[in-house]
Amino acid sequence: MRVEYDYDTCIGMFQCVAEWDAFERNEDAGKAVLTDSEEREADVFVRDVPDDAELDAKFAARSCPVDAITVYDDGEQIIP
């Protein structure tokens, strides 16, 4: 499973931070940051989801009010 995070789309509600500790607050920018990720294209960050964090990653994606977080499993988009 992997997660993609669109930093530009983020509006800084930080609901993802409450759901998964891979997201951290960046108060200066007013946006969340996906830790241990790599930038695949401009402002889109990607990281693998550890097996023990799959549920947390799904909750983080579902909690995002602007769908800035997408979860993929075996290459297929499962959320949103």
Quiz item: Could we say that GLY30 is free of Cβ contacts under 8 Å to residues at least 12 places away in the same chain and either touching a Leu at 6+ places or on another chain (Cβ under 8 Å) or on the phi > 0 side of the Ramachandran plot (or both) here?
Solution: no
Self-check item: Among the candidates GLU41, GLU24, GLU19, residue that is touching a Ser or Thr at 6+ places or on another chain (Cβ under 8 Å) and free of Cβ contacts under 8 Å to residues at least 40 places away in the same chain
Solution: GLU24
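Would you tally the residues in the range 26-42 being farther than 16 Å from ARG2 by Cα and either more than 12 Å from the chain's Cα centre (by Cα) or loosely packed, with under 13 Cβ neighbours inside 10 Å (or both)?
6
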Practice problem: Hey, could you check the range 47-80 for residues that are over 9 Å from the mean Cα position of the chain (by Cα) and of a type in the set (A, V, I, L, M, F, W, C) and say which is farthest from ALA32 (Cα to Cα)? | Solution: ILE78
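So that you can scan it fast, the table gives a plain yes or no per residue for (1) within 15 Å of ALA18 (Cα to Cα); (2) aliphatic (A, V, I, L, M); (3) touching a strand residue (DSSP E or B) at 6+ places or on another chain (Cβ under 8 Å); (4) not in a helix (DSSP H, G or I):
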| position | (1), (2), (3), (4) |
| --- | --- |
| GLU39 | no, no, yes, yes |
| VAL46 | no, yes, yes, yes |
| LEU55 | yes, yes, no, no |
| LYS58 | yes, no, yes, no |
| ALA61 | yes, yes, yes, no |
| VAL66 | no, yes, no, yes |
| THR70 | no, no, yes, yes |
| ILE78 | no, yes, yes, yes |
Quiz item: Looking only at the range 19-32, which residues are in contact with a helix residue (DSSP H, G or I) (Cβ under 9 Å, 6 or more places away or on another chain) and part of a strand (DSSP E or B)?
Solution: PHE23, GLU24, ARG25, ALA32
Exercise. Kindly provide the set of residues from the range 43-71 that are out of contact with any Pro (no Cβ under 7 Å at 6 or more places or on another chain), under 12 Å from TYR5 (Cβ atoms) and surrounded by fewer than 16 Cβ atoms within 10 Å (Cβ to Cβ), ordered by number.
Key: ASP43, VAL66
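Taken together, the values in this text are just the output of simple stated rules run on the coordinates, not laboratory data. Bear in mind that the values here come from a model prediction, so they are computed numbers and not experimental data. Cβ atoms come from the backbone with ideal geometry, glycine included; neighbour counts cover every protein chain shown.
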